[in-house]
Amino acid sequence: MTGLPRVKPHHPLAAAAAIDFAAPSHEVARLLIGVTLLVDGVGGRIVETEAYDRDDPASHSFGGLTLRNAAMFGPPGRAYVYRSYGIHWCLNFVCREEGHGAGVLIRALAPAMGIERMRERRGLEDIHLLCAGPGRVAQALGIDGAFNGRALDRPPFVLLAAADDHPAVMVETGPRIGISKAANVPWRFGERGSRFLSKPFRPAARGAISAPPGSPRGRPAAGSRR
């Protein structure tokens, strides 16, 4: 995706987020915080992600290429969609070079567009619960297996950079949720202070970092840790 001058995400000329999906998944996962994700015009700001890699025993790609996880092996910048426990669809963004096997799980959004459509799909009113968790994200956005392998820079997907006048996003890090292997790897990323996270970050485990240089909102913050 190419970078363009950024304007407010709701503007018809809002710029595509300049994310290099060939980069390592943990770098992409951090850069995606604050980016707006839309699917057929429905979506919001990404506030929580998790990174996975082929050398990571918690990753679907750890055991090698299979029919089920084939989309995770690229090319980068595609959707990897799978069903968790046979119930919930989950949306991932494929990273690294083709054949590597890495991705970013979209864990939570702050709803911004198409909220009534989300409520219809989810069957509830509370805006804070519409996209608070990967299964909820997929249901709210209408994601299912038909989206597996589709390019993220083409309809129905749109990724928009934060506006230049938007405050710099502070990103928290911590262990990933609901896994038993590599459970202490700090590859969960979230927008500090967001009320739309799937779960709060544990105070004892979390770290705070600013958006890194070169990111859509990249400027260091006082006390930030890299």
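Structure values in brief
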| item | result |
| --- | --- |
| Set 22, 71, 51, 29: member being in contact with a helix residue (DSSP H, G or I) (Cβ under 6 Å, 6 or more places away or on another chain) and either within 21 Å of residue 157 (Cβ to Cβ) or open to solvent by 20 Å² or more (accessible area, probe 1.4 Å) (or both) | 51 |
| Residue 137 being in contact (Cβ under 8 Å) with a residue 12 or more places away in the chain, within 15 Å of residue 32 (Cβ to Cβ) and either part of a loop (DSSP other than H, G, I, E, B) or of a type in the set (A, V, I, L, M, F, W, C) (or both) | yes |
| Unmet criterion (only one of (1) among the small types (Gly, Ala, Ser); (2) part of a strand (DSSP E or B); (3) at pLDDT below 90) for residue 103 | (3) |
| Qualifying residue in region 117-130 (condition: touching a residue at least 24 places away in the same chain (Cβ under 8 Å), open to solvent by 60 Å² or more (accessible area, probe 1.4 Å) and outside any strand (DSSP E or B)) | yes |
| Of residues in region 87-113 being within 14 Å of residue 138 (Cα to Cα) and over 13 Å from the mean Cα position of the chain (by Cα), the one surrounded by the most Cβ atoms within 10 Å (Cβ to Cβ) | 111 |
| Selection status of residue 6, at pLDDT below 90, touching a strand residue (DSSP E or B) at 6+ places or on another chain (Cβ under 9 Å) and of a type in the set (Lys, Arg) | yes |
| Hey, residue 40 open to solvent by 10 Å² or more (accessible area, probe 1.4 Å), under 15 Å from residue 188 (Cα atoms) and touching a residue at least 40 places away in the same chain (Cβ under 8 Å) or not | no |
| When residues of region 175-214 are limited to those that are on the phi > 0 side of the Ramachandran plot and modelled with pLDDT of 75 or more, the one least open to solvent (accessible area, probe 1.4 Å) | 182 |
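The values are calculated or read from the model by the stated rules, or taken from the named source; none is laboratory data. Note that the structure is a prediction, hence the values are computed from the model and not measured. Here the Cβ is made from the backbone with ideal geometry for all residues, glycine too, and neighbour counts use every protein chain on show. For accessibility, only protein heavy atoms count, side chains too; no ligands or nucleic acids. Shrake-Rupley method; radii C 1.70, N 1.55, O 1.52, S 1.80 Å.
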